[in-house]
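Novice: One structure coming up, written as C-alpha cells, with questions to follow.
The values are calculated or read from the model by the stated rules, or taken from the named source; none is laboratory data. Remember, it's a predicted structure, so these values are computed and weren't measured experimentally. Note: ideal-geometry Cβ built from the backbone for every residue, glycine included; neighbour counts use all protein chains shown.
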Amino acid sequence: MVDVGARKAECPNCGGPIELRLGASRALVCPWCRHSVVASDLALEDLGEVAELAPTAARFAVGDSGQVAGEPFVVGGRLQLDHGAGPWDEWYVQLGEGSRRWGWLAAAQGRYYLTEPVEVQGEVPPYERMEPDATGTLPGLGDTRWTVAEQGASTLVSAEGELPEPARPGERGLYVDLVAPGDKFATVDYGDGTEPAKIYAGVQLAPHEVVLGREAVGPRPEQAVKAEALRCPTCGAPAPVRTPATTERVVCASCHSVLDYTAGQLRFVQKLEQTRARALIPLGTQGTLRGERATCIGFMERFTRVDGETYAWGEYLFDAPGGYRWLLEDSGHFTWYRDVSAAAVKQTSARRYAFEGRSYRAFSVGDAEVRFVAGEFYWKVRVGDRTKTLDAIHPPFLLSEESSEHERNWSHGQYVPGAEVWKAFALEGRPPRPEGVAPAQPNRLPVKQMFMVGAGLFILLTLFALWFDFTGKREVLSPMALPLPNAPLGQPPSTPPPADEVAKTRTPAFSVMRAGALAVDLQMKAEHAWVGARVDLLDAGSSKHIAGPYMVEAARYGSDVRGTRTSDGWTRGQGILPGVRPGTYVLEVASSWQPYPAQPTQPMPQAELSVYRTGRGACMYCCALVLIALPLFGVLISYAGFEARRRINSTF
C-alpha cells in the first residue's frame, strides 16, 4: 500500500515501513531488509538486496543537517562507490528549505565538492576524448572552459537512505571529473553506456564552508577519536589520528604497519618492508609558516633515478585551516606547497605555463616513487606508488604536476629558507645546510637593481661630460686672429682656391706636454659666408711636417649653419689632430673665405683660430665608465654562475 501524500509505504520485500522525506527522492534502501526500492507512480519495485556499507570515516549520517556555502542542506542518503582504491562516499543532499533542489556532496584531499544535476543541452563529448588535460565546453554550462582532471571507472558497492536514482548493486560506470576557473567542479557520469551521459556541476569548497548543524545519530568519527587515544593494533604504540574527518590511511611510525582508518578504528592492512628515513620535522609538530597555522600529520620519502643515480627527498603533510599543505625538503632546500585547480594552469607554449599572472618555465620531468611513509594521509598511500612529475619555475615560485594514466594534479609552491622553517615550527638544532641550487631558489644578486643604478649613473655621467664640454674651461695652447685674403673665392669651396685667394700664416709656437689629441677651433662672424682653413702641424724648430693637412671650416647661410652657432653670433667649426706626441709645434694655416651669395662688396668676415688640448675629459669619462661597469660585470658573472648551477638539475 502506498500513501502518496505522505510518501509513506511498505517495503515490497519485508513489509517494513519506509518513507521518502525529501521532495526529489525516487528511491531508497529499506532500513529493515536493505533492499533497494524504487518508487514509480503508485507502484514500488524491489531491485534486490544491497550489501552492507563498508566501514569508513563517514563525515555525515543520514538525517544530518547544516549549511554548505551558506545554504541549508539535509543529508538524505549515501552512495558507496569503489574507484579501485577502496570505498568512496557520496552524500545525496537536499538544498534549501523544503525545496526539490538536490545535489551530491563528496570529500577528497581536504576539500568538499558540491554538485547539482545539469540539464544537458547538446551532445556530451565521448568518454574516449575526455583524457586528462583535455579542455573544452560542456552542454548546458555556457561558455565555461573545462579541464579534465580525472578519468576513471567506478562500481556501486552499497547505499543507504533516500536517493534521487535507483541503486543497483554491482552497477559499473565510467566518469570524468573536470575543473574550471573559480573553483568550479563538474562530473560527467557516462554510466554503463546504455543511457545518455549525465552532468553534475558545482563548486569546490574549503572545509570551513561546510558546517554541520544538527546530527541525526551518534558522535562523528572525530568526536570518537578525541575520547580515546588510538594505538597501533600490531605493536601497541600510539598512532594518533589528528584529522579524522579526512584521514584514510595511517602508517605506524614505530613498526611501519599500514593501517586503514575507518569509523574511529584502525585496521591492520600490511607490514611495510621499508628502510627507515629520518624525518626532520616530528609528527604532531605545530607552527605558523607564511601566515598559516599548520600541524605536521604525515611524512613520506620519495626518490627518482637519473642515469643510474638515486636521488631522494622528503615530503611532509600538514593540516591547515585552508586545507592540506606540503613541505618538500630536498638537499637542505624547502618548498611550501598548496594544491591548485588544473583549470587555473594554462600551457602557453611547449615549455611555458601561466598561473596567477606569472609565466613559468618548464624545468624538469621525471618519475617519483614512494619508498617510506609514516603518519596519516588523506589517500591510501603505499610504498611503491609511482607518478610522473613535471616542474615549472618562476623563482621563488614553482608549479608541479603529478600525473598517472587517468589523473592530473597540480600544486603551487614557494621556496622557503630552512631558517624560516626552523623558526616557524620551533625545531631543535639547525636546519640542514643547503647543497647546490634548488629549482625555485631565488637568485638574491640584485642584477636588475644594479643595472638600473648603473644606467642612472651612466646618464648622469654623460650629461655631466656634455655640460663640462660646453661650459668647462679648456687649456688653450695657441689663440690667434685668423687672417683672411682680401679677395674671396671665386669658385665653390670644395675646389682648390688660387694662390691670391689664400692667406697663409703660422700660429705662435705651443708646447704639448703629454701625448694626446689637439682640437683646432675656427670661429667666424658673418651672416652669409663660408670660412675654411687647411691646417698642417709642423715642428716649431725645424719646420718639419708632422701631420696634416686637416680641413676646418665654419659657414652660415641664413638659418643654415655648418658648425655650431654660439649665443654671441659666432659660428664655430672644429677639427681634431689625433695622436700628437710631446713637443713644440706650430700650425701652418692656409685660410680662405667666400660670401654667399657672391657679392663683390660684401665685407670680409671676422675669424679666429685657436688650438687647445682635448682628451682629458674623455679619459676621465672612460675611466668613470669602467668604474661603473666593473661591479656590474662582476655581479652579472656571479648571477650567471648561480643560474648555471640551477640548470645542472634541469632536464630541458
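Novice: Only one of these conditions is not met by Lys8: (1) of a type in the set (Lys, Arg); (2) modelled with pLDDT of 85 or more; (3) over 14 Å from Leu163 (Cα atoms). Which number is it?
Specialist: Lys8 satisfies every listed condition except (2).
Novice: Consider only pairs whose beta carbons are under 6 Å apart and that are at least six residues apart or on different chains; among these, list those whose first residue lies in the stretch 124-144 and is in the same structural domain as Gln347 (by TED's automatic domain parsing) and whose second residue is surrounded by fewer than 18 Cβ atoms within 10 Å (Cβ to Cβ).
Specialist: none
Novice: Spot the failing condition for Asp391; the list is (1) modelled with pLDDT of 95 or more; (2) in contact with a helix residue (DSSP H, G or I) (Cβ under 8 Å, 6 or more places away or on another chain); (3) of a type in the set (D, E, K, R), and only one is missed.
Specialist: Checking Asp391 against (1) modelled with pLDDT of 95 or more; (2) in contact with a helix residue (DSSP H, G or I) (Cβ under 8 Å, 6 or more places away or on another chain); (3) of a type in the set (D, E, K, R), the one that fails is (2).
Novice: For the stretch 116-154, what are the residues that are acidic (Asp, Glu) and within 23 Å of the chain's Cα centre (by Cα)? So that I can check it myself, show each step before the final result.
Specialist: Taking the stretch 116-154 and keeping what is acidic (Asp, Glu), we get 116, 119, 123, 128, 131, 133, 143, 150.
Across the stretch 116-154, the qualifying residue is only Asp133.
Novice: Taking the options Glu19, Glu49, name whichever one is among the charged types (D, E, K, R), touching a His at 6+ places or on another chain (Cβ under 8 Å), closer than 29 Å to Ala107 by Cβ and surrounded by fewer than 16 Cβ atoms within 10 Å (Cβ to Cβ).
Specialist: Checking each option against the conditions leaves just Glu49.
Novice: Test Glu428 against the stated conditions and say whether it is within 29 Å of Ala239 (Cβ to Cβ) and modelled with pLDDT of 90 or more.
Specialist: For Glu428, the condition - within 29 Å of Ala239 (Cβ to Cβ) and modelled with pLDDT of 90 or more - is met.
Novice: With farther than 30 Å from Asn443 by Cβ and either surrounded by 13 or more Cβ atoms within 10 Å (Cβ to Cβ) or modelled with pLDDT of 70 or more (or both) as the only criterion, which of Tyr639, Tyr596 stands out?
Specialist: Among Tyr639, Tyr596, only Tyr596 is farther than 30 Å from Asn443 by Cβ and either surrounded by 13 or more Cβ atoms within 10 Å (Cβ to Cβ) or modelled with pLDDT of 70 or more (or both).
Novice: Can you find, within the stretch 34-46, the residue that is modelled with the highest pLDDT among those that are surrounded by fewer than 16 Cβ atoms within 10 Å (Cβ to Cβ) and in a loop (DSSP other than H, G, I, E, B)?
Specialist: That would be Asp41.
Novice: Please determine, by comparing only the residues of the stretch 164-198 that are in contact with a Leu (Cβ under 6 Å, 6 or more places away or on another chain) and in a strand (DSSP E or B), which one is surrounded by the most Cβ atoms within 10 Å (Cβ to Cβ).
Specialist: Ala186
Novice: Can you go through Met551, Met524 and tell me which one is aliphatic (A, V, I, L, M), modelled with pLDDT of 85 or more, out of contact with any His (no Cβ under 7 Å at 6 or more places or on another chain) and not in a loop (DSSP other than H, G, I, E, B)?
Specialist: Testing whether each residue is aliphatic (A, V, I, L, M), modelled with pLDDT of 85 or more, out of contact with any His (no Cβ under 7 Å at 6 or more places or on another chain) and not in a loop (DSSP other than H, G, I, E, B) leaves just Met551.
Novice: Filter the stretch 13-30 for residues that are assigned to a strand (DSSP E or B) and not hydrophobic (A, V, I, L, M, F, W, C); which is nearest to Val75 (Cα to Cα)?
Specialist: Glu19
Novice: From the list Gln121, Gln151, Gln109, exactly one residue is among the polar types (S, T, N, Q), touching a Pro at 6+ places or on another chain (Cβ under 8 Å), at pLDDT below 90 and assigned by TED's automatic domain parsing to the domain that holds Ala9. Which is it?
Specialist: From the options Gln121, Gln151, Gln109, the qualifying one is Gln121.
Novice: Tell me whether the stretch 226-238 contains one or more residues that are at pLDDT below 80, part of a strand (DSSP E or B), touching a strand residue (DSSP E or B) at 6+ places or on another chain (Cβ under 8 Å) and surrounded by 20 or more Cβ atoms within 10 Å (Cβ to Cβ). Working first, answer last.
Specialist: From the stretch 226-238, those at pLDDT below 80 are 226-238; that's our starting set.
Filter once more, so that each one left must be part of a strand (DSSP E or B): 231, 238.
Still in the running and touching a strand residue (DSSP E or B) at 6+ places or on another chain (Cβ under 8 Å): 231, 238.
Those left that are additionally surrounded by 20 or more Cβ atoms within 10 Å (Cβ to Cβ): none.
Within the stretch 226-238, none of the residues are at pLDDT below 80, part of a strand (DSSP E or B), touching a strand residue (DSSP E or B) at 6+ places or on another chain (Cβ under 8 Å) and surrounded by 20 or more Cβ atoms within 10 Å (Cβ to Cβ).
So that you can scan it fast, the table gives a plain yes or no per residue for (1) within 30 Å of Ala481 (Cα to Cα); (2) part of a helix (DSSP H, G or I); (3) modelled with pLDDT of 70 or more:
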position	(1), (2), (3)
Pro600	yes, no, no
Ala618	yes, yes, no
Tyr621	no, yes, no
Leu625	no, yes, yes
Leu632	no, yes, yes
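Novice: In the stretch 382-440, how many are under 19 Å from Ala294 (Cβ atoms), free of Cβ contacts under 8 Å to residues at least 40 places away in the same chain and hydrophobic (A, V, I, L, M, F, W, C)?
Specialist: Selection size over the stretch 382-440: 2.
Novice: Looking at Arg506, Arg433, can you tell me which residue is of a type in the set (D, E, K, R), modelled with pLDDT of 85 or more and over 44 Å from the mean Cα position of the chain (by Cα)?
Specialist: So the residue among Arg506, Arg433 that is of a type in the set (D, E, K, R), modelled with pLDDT of 85 or more and over 44 Å from the mean Cα position of the chain (by Cα) is Arg506.
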